[in-house]
1. Considering only segment 234-254, state which residues are modelled with pLDDT of 80 or more and out of contact with any helix residue (DSSP H, G or I) (no Cβ under 6 Å at 6 or more places or on another chain).
2. Take segment 38-75 and flag every residue that is over 13 Å from E134 (Cα atoms), in a loop (DSSP other than H, G, I, E, B) and of a type in the set (D, E).
3. Could you check segment 179-194 and list, in sequence order, the residues that are assigned to a helix (DSSP H, G or I) and either of a type outside the set (A, V, I, L, M, F, W, C) or modelled with pLDDT of 75 or more (or both)?
4. Is it the case that E44 is at pLDDT 95 or above and more than 19 Å from the chain's Cα centre (by Cα)?
5. Of all residues in segment 204-228, count the ones that are over 15 Å from T253 (Cα atoms), part of a loop (DSSP other than H, G, I, E, B) and either hydrophobic (A, V, I, L, M, F, W, C) or in contact with a helix residue (DSSP H, G or I) (Cβ under 7 Å, 6 or more places away or on another chain) (or both).
6. Could you go through segment 119-138 and let me know if any residue there is of a type in the set (S, T, N, Q), under 25 Å from Q35 (Cβ atoms) and part of a helix (DSSP H, G or I).
7. What tally of residues in segment 148-169 results from selecting those that are assigned to a strand (DSSP E or B) and farther than 15 Å from P206 by Cβ?
8. Considering each residue of segment 257-267, count those that are surrounded by 17 or more Cβ atoms within 10 Å (Cβ to Cβ) and either charged (D, E, K, R) or not in a loop (DSSP other than H, G, I, E, B) (or both), and give that number.
Amino acid sequence: MNFRKLLAAGAAMTICLSGCGGGMDTAEIEALLAQAKDTMASVESMAADMTMEMDMGMEGEVLETTTVAHILTQQEPLKMKMELSMMMDDGTEVEQMLMYAAEEDGKLKSYMYAADTWYAETLELGELDQYNAEENMDLYLDNIENFKSDGQEEIGGTETTKITGVITGDAMEEALEASGMTTSAESMGITEEMMQEMYADLGDLPISLWIDGEGYVRKYEMDMTEMMQKIMDESMKAMGMAEEDIAIDIEKTSVVMVCSDFNDVEEIEIPADALAFLKE
């Protein structure tokens, strides 16, 4: 290779490294994370589209489920509107739900419409955190470790920087609780004591954040495959089933939130027909 070709090759490699690898040092990433924390703390309302995928393998067959939700939130006091549906890999919809929630006297009053009927329930604040992207943002931005920039990517027409890393230790436990994973484990027979023992054996929680130039987190993604596998294994043991009896392989468990409409969500109101129906 002559000198001119060597320079061309070097220039091409430099472009790839800066464009595909992000080219940010630790201080620059820390500054971006700090900016994102400040920006997201000032958000009063936003929209989010959640996609949760879970693929389970058993006896040679794979069951794939996808849960999608469009979520609107307003803070202080908290109000939420969520349209949620769960689908199987063949396109069959197995669940559809419309839900509203509003903070009242330190509690969360929820109104859910499913199967042509309205239901009401009073929840503790925090019970819907897995659907409240803004509520969890501080946790992720403060506790992401081993981070690196992973290039530029356009999300919803906005240029962002992708930051990848992991959540560890106590922050990981908090992230699992906020994601609803702990509640799922309890429903599968896992006790709090078993969960504490399991935390010691869990690895890190991989997370990716997509942050735009103003500090808005436009998207985040968590890979919970390893953790869901451990929860499934422990739940099988709790039911007295040995590994040789039946094996369920968790091939994928991921949660993706795409955020938009920052400070631009119209006032969320509980539908009059919900209130009227529940008074009957």
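The values are calculated or read from the model by the stated rules, or taken from the named source; none is laboratory data. Here the structure is a predicted model, which means the values were calculated and not measured. A quick note on method: Cβ atoms are made from the backbone with ideal geometry, for glycine too, and the neighbour counts reach across all protein chains shown.
1. Residues satisfying the conditions are D249, E251, S254.
2. E59
3. If we filter segment 179-194 for residues that are assigned to a helix (DSSP H, G or I), which is where we start, we get 179, 181-187, 192-194.
S179, T182, T183, S184, E186, S187, E192, E193, M194, listed by residue number.
4. Considered against the rule, which asks whether it is at pLDDT 95 or above and more than 19 Å from the chain's Cα centre (by Cα), E44 comes out as yes.
5. Within segment 204-228, residues that are over 15 Å from T253 (Cα atoms), part of a loop (DSSP other than H, G, I, E, B) and either hydrophobic (A, V, I, L, M, F, W, C) or in contact with a helix residue (DSSP H, G or I) (Cβ under 7 Å, 6 or more places away or on another chain) (or both) number 3.
6. yes
7. First, pick out the residues of segment 148-169 that are assigned to a strand (DSSP E or B): 148-155, 158-167.
Subset that is farther than 15 Å from P206 by Cβ: 149, 151-155, 158-161.
Final tally of qualifying residues: 10.
8. Looking only at that region, the number is 4.
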